[in-house]
Amino acid sequence: MKRSASKQPQYKILTIDPWLKPYYSDIALRMQRHADTRRALLGDKADLSSFANGYLYYGIARTEDGWVYREWAPGADEMHLIGDFNDWNRESHPLTRLENGNWEIKLDGEDALMHGQRIKVQVTKNGEKFDRIPAYIRRVVRDPETNEFYGQVWAPNRPFRWTDGGYGKRKLSPLFIYESHVGMAQEDESVGTYREFADRILDRVQEAGYNTIQLMAIMEHPYYASFGYQVTNFFAASSWYGNPEDLKYLINTAHEMGMFVLLDVVHSHASKNTNEGLNRFDGTDDQYFIAQDHPAWDTKLFNYGKYEVIHFLLSNLKFWLQEYHFDGFRFDGVTSMLYHDHGLGTDFMSYDRYFSLNTNVEAVTYLQLANELIHAVNPFAVTIAEDMSGMPGMCLPIRYGGIGFDYRLSMGVPDFWIKTLKESDENWDMRKMWHELTTRRPQEKNIGYSESHDQALVGDKTLIFRMADAEMYTGMNKDYHSITMDRAIALHKMIRFITLVLAGEGYLNFMGNEFGHPEWIDFPREGNGWSYKYARRQWSLCDNEMLKYAWLRDFDRAMLKFARKYRVLSKRGAVNLWVDQERKLLAFCKGDIIYLFNFHPTESPTNFFLPTHPLGAGDYRAVFTSDDVSFGGNGNISEDYVYTAKDVPGHGVGFEVYIPSRTAVAFKHV
């Protein structure tokens, strides 16, 4: 009797995207590596959440009769705890070497260490002595006189009192994300604080219609101008804006208002700093990192194949969820993680680009484990991948053969708008616009956005700054009109509206861009005299009803209200109804709304036949338009007028409509 051949596992990702079938072995390898690594980390235990408790074992913690400090430093020869508690005596408090590269010291007495004391660890390697900040430290402070950074014992007598009883118990969808930087969120020429953000900014965000805050630059970073992307202390909330209790206050306040708060987590690389960071922590080069540095960022790269590093990073994720009640993460630099060349200069025009020796399979496995952990700790948590490569399965469940993220950022969309605005309006490619805004991986959700925070930095320009340029300084009074400024206002609205409707199942905006914040972000540096003038948000501009900023503010609010009312982001499968390349017209149906966009700079067809066959014949009304006078439009589209769609020989079902130039309209069957 013949023994039957073992049946190959079947992965749903291959059914969702049949083009992946030739890469079955690569998907199988992805899944086998996940299973093998999981088994190696957990043994017979299936609880990944219990594994990721490094922050409860390592670092500084109270015990029943004193304190304990533990560190993983396999390359160190000796370690001594030093700080205010022992007058920085470098010999009096040696750590004891344990197994597996771990070190420990126990201090008797509840006053052996005290809340607020500065602390470091002296490491000895091959006779050389150097100071480090404990890897799991929860608070780092800078000496204002020497600019030296220290760890700080953070153990308040009273734990923070959370009042967000619904945390981890509800889902929020769709996501309207307000990407924010706490330090530059204030109008004052200074560094804003967590409490100022909670007390002054959250109300603005909620009033604007956003339901999710995405916080940048929260993990500790010594260099303020790095935008938070050169992290040194992964378990420390940035001291630039206040203390850990202040950050908890911010998040707790947001939760009480019904908002989610996401952390912009940086696990793609780390600062090269040795005095403050993880680099050469134990005197070796390979404790946490691989030998190569990032060729573009000049930063260290984690070794995702090392189990101790996986433990550190997974524990870090669980820490931010448990200790600070974050509702999820936006993972920075995912493309850099996925490929050994970090995706630099790669076009990703073929599936071969995703599955080759260039693929960092260890990073893929880590990202799978990270998503598995996050959703085990909080089933309603949100994970977003910053990936421009389009890696298949990024946002499919792991059991399908995917990587497990909930969303990926539609990173090609901001690039498309930049390229488009560099062309004259008459040369805009409407077919390409449709393709760029609607093409994405099947059954994988995206976060759409029209411009990134990088565009707001000095050396680049926001979309409205590209269009208005110097007139931003002179032409923002409501009674001022010019060809340049009128174009900028109209296209600002249209670009944001079509991006929201087509580019994803969620929507993101960087703070201030919704009302056309002028100028660029320039963090304090020697070249600008350490000025904070351009590292802030000028909210007073949109509060001034005499300025066009108020028009753009009101448009954004109305747009989000429209999206919520008609559940725009929850509708799938936009249907292209008409593309007119010459007249720059684009019409499509999504859900129970028909949209018409006229991007032409001058032509305003008076009798355009708008097809409505997906929704049928009957009466229609305009339910939203960028031409509303309250947004600076001309009021040429009436929301009271009834359009009657009927079957017209030679045209099909539809109705004739006047569509002014540079105007967007949404019609609903009534």
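Can you pull out every residue in the range 62-82 that is touching a residue at least 60 places away in the same chain (Cβ under 8 Å), open to solvent by less than 40 Å² (accessible area, probe 1.4 Å) and under 22 Å from Phe319 (Cβ atoms)?
If the condition is that a residue be touching a residue at least 60 places away in the same chain (Cβ under 8 Å), open to solvent by less than 40 Å² (accessible area, probe 1.4 Å) and under 22 Å from Phe319 (Cβ atoms), then Tyr69, Glu71, Trp72, Ala73 are the ones that fit.
Quick grid of which residues meet (1) modelled with pLDDT of 95 or more; (2) of a type in the set (Phe, Trp, Tyr); (3) within 22 Å of Asn252 (Cα to Cα):
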{"site": "Trp320", "(1), (2), (3)": "yes, yes, yes"}
{"site": "Tyr324", "(1), (2), (3)": "yes, yes, yes"}
{"site": "Gly333", "(1), (2), (3)": "yes, no, no"}
{"site": "Leu338", "(1), (2), (3)": "yes, no, no"}
{"site": "Tyr354", "(1), (2), (3)": "yes, yes, no"}
{"site": "Asn360", "(1), (2), (3)": "yes, no, no"}
{"site": "Ala363", "(1), (2), (3)": "yes, no, no"}
{"site": "His375", "(1), (2), (3)": "yes, no, yes"}
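What number of residues within the range 573-601 satisfy the criterion of being open to solvent by 30 Å² or more (accessible area, probe 1.4 Å) and either assigned to a helix (DSSP H, G or I) or in contact (Cβ under 8 Å) with a residue 40 or more places away in the chain (or both)? It would help to see each step written out before you state the result.
Keep residues of the range 573-601 that are open to solvent by 30 Å² or more (accessible area, probe 1.4 Å), which gives 573-576, 578-579, 581-583, 591-592.
Then drop every residue that is not either assigned to a helix (DSSP H, G or I) or in contact (Cβ under 8 Å) with a residue 40 or more places away in the chain (or both), which leaves 574, 576, 579, 581, 592.
Selection size over the range 573-601: 5.
With respect to Ala270, is the statement that it is within 28 Å of Val382 (Cα to Cα) and either open to solvent by 10 Å² or more (accessible area, probe 1.4 Å) or more than 17 Å from the chain's Cα centre (by Cα) (or both) true?
Details: within 28 Å of Val382 (Cα to Cα): yes; either open to solvent by 10 Å² or more (accessible area, probe 1.4 Å) or more than 17 Å from the chain's Cα centre (by Cα) (or both): yes.
Yes.
Go through the residues of the range 166-173 one by one and say whether even a single one is open to solvent by less than 60 Å² (accessible area, probe 1.4 Å) and in a strand (DSSP E or B).
Initial filter on the range 166-173 (open to solvent by less than 60 Å² (accessible area, probe 1.4 Å)): 166-168, 172.
Those left that are additionally in a strand (DSSP E or B): none.
Within the range 166-173, none of the residues are open to solvent by less than 60 Å² (accessible area, probe 1.4 Å) and in a strand (DSSP E or B).
Determine which member of the set Asp298, Asp286, Asp282, Asp293 is open to solvent by less than 10 Å² (accessible area, probe 1.4 Å) and charged (D, E, K, R). Reasoning before the result, please.
Values: Asp298 fails: open to solvent by less than 10 Å² (accessible area, probe 1.4 Å); Asp286 fails: open to solvent by less than 10 Å² (accessible area, probe 1.4 Å); Asp293 fails: open to solvent by less than 10 Å² (accessible area, probe 1.4 Å).
Unique residue meeting the criteria: Asp282.
Among the residues of the range 515-567, which ones are touching an Asp or Glu at 6+ places or on another chain (Cβ under 7 Å), farther than 30 Å from Val670 by Cβ, touching a residue at least 60 places away in the same chain (Cβ under 8 Å) and not in a loop (DSSP other than H, G, I, E, B)?
Matches in the range 515-567: Trp539, Ser540.
Of all residues in the range 542-562, which are surrounded by fewer than 20 Cβ atoms within 10 Å (Cβ to Cβ) and either at pLDDT below 95 or over 26 Å from the mean Cα position of the chain (by Cα) (or both)?
Start the filter on the range 542-562 by keeping residues that are surrounded by fewer than 20 Cβ atoms within 10 Å (Cβ to Cβ), which leaves 543-547, 554, 557-558, 561-562.
Selection gives Asp543, Asn544, Glu545, Met546, Leu547.
In the range 379-394, which residues are over 12 Å from the mean Cα position of the chain (by Cα) and open to solvent by 10 Å² or more (accessible area, probe 1.4 Å)?
Quick first cut of the range 379-394, residues over 12 Å from the mean Cα position of the chain (by Cα) only: 379-381, 388-394.
The answer is Pro379, Phe380, Met388, Gly390.
Restricting attention to the range 71-101, report how many residues are part of a loop (DSSP other than H, G, I, E, B), hydrophobic (A, V, I, L, M, F, W, C) and over 16 Å from Glu128 (Cβ atoms).
Our first condition is that a residue be part of a loop (DSSP other than H, G, I, E, B); within the range 71-101, this holds for 73-77, 87-93, 95, 98-101.
Of the ones still in play, those that are also hydrophobic (A, V, I, L, M, F, W, C) are 73, 76, 88, 95, 98.
Okay, now just the ones that are also over 16 Å from Glu128 (Cβ atoms), so 88, 95, 98.
Going through the range 71-101 one residue at a time, the tally reaches 3.
Could you check how many residues of the range 398-454 are crowded, with 17+ Cβ neighbours inside 10 Å, outside any strand (DSSP E or B) and either free of Cβ contacts under 8 Å to residues at least 24 places away in the same chain or charged (D, E, K, R) (or both)?
Looking only at that region, the number is 9.
What are the residues in the range 444-457 that are modelled with pLDDT of 95 or more and not charged (D, E, K, R), if any?
The answer is Asn446, Ile447, Gly448, Tyr449, Ser450.
What is the residue count in the range 628-638 for residues that are surrounded by 14 or more Cβ atoms within 10 Å (Cβ to Cβ) and part of a loop (DSSP other than H, G, I, E, B)?
Within the range 628-638, the subset surrounded by 14 or more Cβ atoms within 10 Å (Cβ to Cβ) is 628, 631-633, 636-637.
Retained after the next criterion (residues that are part of a loop (DSSP other than H, G, I, E, B)): 628, 632-633, 636-637.
Adding up the residues that qualify gives 5.
Tell me which residues, restricted to the range 331-363, are open to solvent by 10 Å² or more (accessible area, probe 1.4 Å) and within 17 Å of Val309 (Cα to Cα).
Scanning the range 331-363 gives Asn360, Val361, Glu362.
Against the condition of a type in the set (Lys, Arg), surrounded by 18 or more Cβ atoms within 10 Å (Cβ to Cβ) and at pLDDT 95 or above, how does Lys565 come out, does it pass? If you could, list the steps in order and put the result at the bottom.
Numbers: of a type in the set (Lys, Arg): yes; surrounded by 18 or more Cβ atoms within 10 Å (Cβ to Cβ): no; at pLDDT 95 or above: yes.
No; evaluated as a whole, the condition is false for this residue.
State whether the residues of the range 178-185 include one that is in a loop (DSSP other than H, G, I, E, B) and either open to solvent by 30 Å² or more (accessible area, probe 1.4 Å) or over 30 Å from Tyr288 (Cα atoms) (or both).
First, pick out the residues of the range 178-185 that are in a loop (DSSP other than H, G, I, E, B): 182-185.
Adding the requirement that they be either open to solvent by 30 Å² or more (accessible area, probe 1.4 Å) or over 30 Å from Tyr288 (Cα atoms) (or both) leaves 184-185.
Within the range 178-185 (the criterion being in a loop (DSSP other than H, G, I, E, B) and either open to solvent by 30 Å² or more (accessible area, probe 1.4 Å) or over 30 Å from Tyr288 (Cα atoms) (or both)), the answer is yes, since at least one residue qualifies.
Report those strands (runs of 3 or more DSSP E) wholly inside the range 118-160 carrying at least 1 residues which are among the basic types (Lys, Arg). Don't jump to the end; show me each part of the working.
On the way: elements: 118-125, 128-132, 140-142, 149-152.
Here the list reads 118-125, 128-132, 140-142.
Looking only at the range 455-504, how many residues end up being polar (S, T, N, Q) and either within 24 Å of the chain's Cα centre (by Cα) or open to solvent by less than 10 Å² (accessible area, probe 1.4 Å) (or both)? Step through it out loud before you land on a result.
Filtering the range 455-504 down to residues polar (S, T, N, Q) leaves 455, 462, 474, 477, 482, 484, 499.
Filter again for either within 24 Å of the chain's Cα centre (by Cα) or open to solvent by less than 10 Å² (accessible area, probe 1.4 Å) (or both), leaving 455, 462, 499.
Adding up the residues that qualify gives 3.
Of the residues in the range 306-324, how many are more than 30 Å from Asp164 (Cα to Cα) and either in contact with a Leu (Cβ under 8 Å, 6 or more places away or on another chain) or free of Cβ contacts under 8 Å to residues at least 60 places away in the same chain (or both)? Reasoning before the result, please.
Of all residues in the range 306-324, those more than 30 Å from Asp164 (Cα to Cα) come to 306-310.
With either in contact with a Leu (Cβ under 8 Å, 6 or more places away or on another chain) or free of Cβ contacts under 8 Å to residues at least 60 places away in the same chain (or both) added as a condition, the list becomes 306-307, 309-310.
Total satisfying the criteria: 4.
What number of residues within the range 209-243 are in contact with a Leu (Cβ under 8 Å, 6 or more places away or on another chain), outside any loop (DSSP other than H, G, I, E, B) and open to solvent by 10 Å² or more (accessible area, probe 1.4 Å)?
0
Take Glu104 and decide whether it is free of Cβ contacts under 8 Å to residues at least 12 places away in the same chain and either surrounded by 15 or more Cβ atoms within 10 Å (Cβ to Cβ) or assigned to a loop (DSSP other than H, G, I, E, B) (or both). Write out each step before concluding.
Numbers: free of Cβ contacts under 8 Å to residues at least 12 places away in the same chain: no; either surrounded by 15 or more Cβ atoms within 10 Å (Cβ to Cβ) or assigned to a loop (DSSP other than H, G, I, E, B) (or both): yes.
Spelling it out, it is not the case that Glu104 is free of Cβ contacts under 8 Å to residues at least 12 places away in the same chain and either surrounded by 15 or more Cβ atoms within 10 Å (Cβ to Cβ) or assigned to a loop (DSSP other than H, G, I, E, B) (or both).
Within the bounds of the range 639-662, is there any residue that is open to solvent by less than 20 Å² (accessible area, probe 1.4 Å), free of Cβ contacts under 8 Å to residues at least 60 places away in the same chain and in contact with an Asp or Glu (Cβ under 6 Å, 6 or more places away or on another chain)? Let's see the steps before the verdict.
Just the residues of the range 639-662 that are open to solvent by less than 20 Å² (accessible area, probe 1.4 Å), to begin with: 645, 654-655, 657, 659-660.
Retained after the next criterion (residues that are free of Cβ contacts under 8 Å to residues at least 60 places away in the same chain): 645, 654-655.
Okay, now just the ones that are also in contact with an Asp or Glu (Cβ under 6 Å, 6 or more places away or on another chain), so none.
Checked the range 639-662: no residue is open to solvent by less than 20 Å² (accessible area, probe 1.4 Å), free of Cβ contacts under 8 Å to residues at least 60 places away in the same chain and in contact with an Asp or Glu (Cβ under 6 Å, 6 or more places away or on another chain).
The values are calculated or read from the model by the stated rules, or taken from the named source; none is laboratory data. Here the structure is a predicted model, which is why all the values come from computation and not from measurement. Quick reminder, even Gly has a Cβ in these numbers, built from the backbone with ideal geometry, and neighbours come from all protein chains shown. With ligands, DNA and RNA removed, areas are computed over all heavy atoms of the protein, side chains included. Shrake-Rupley method; radii C 1.70, N 1.55, O 1.52, S 1.80 Å.
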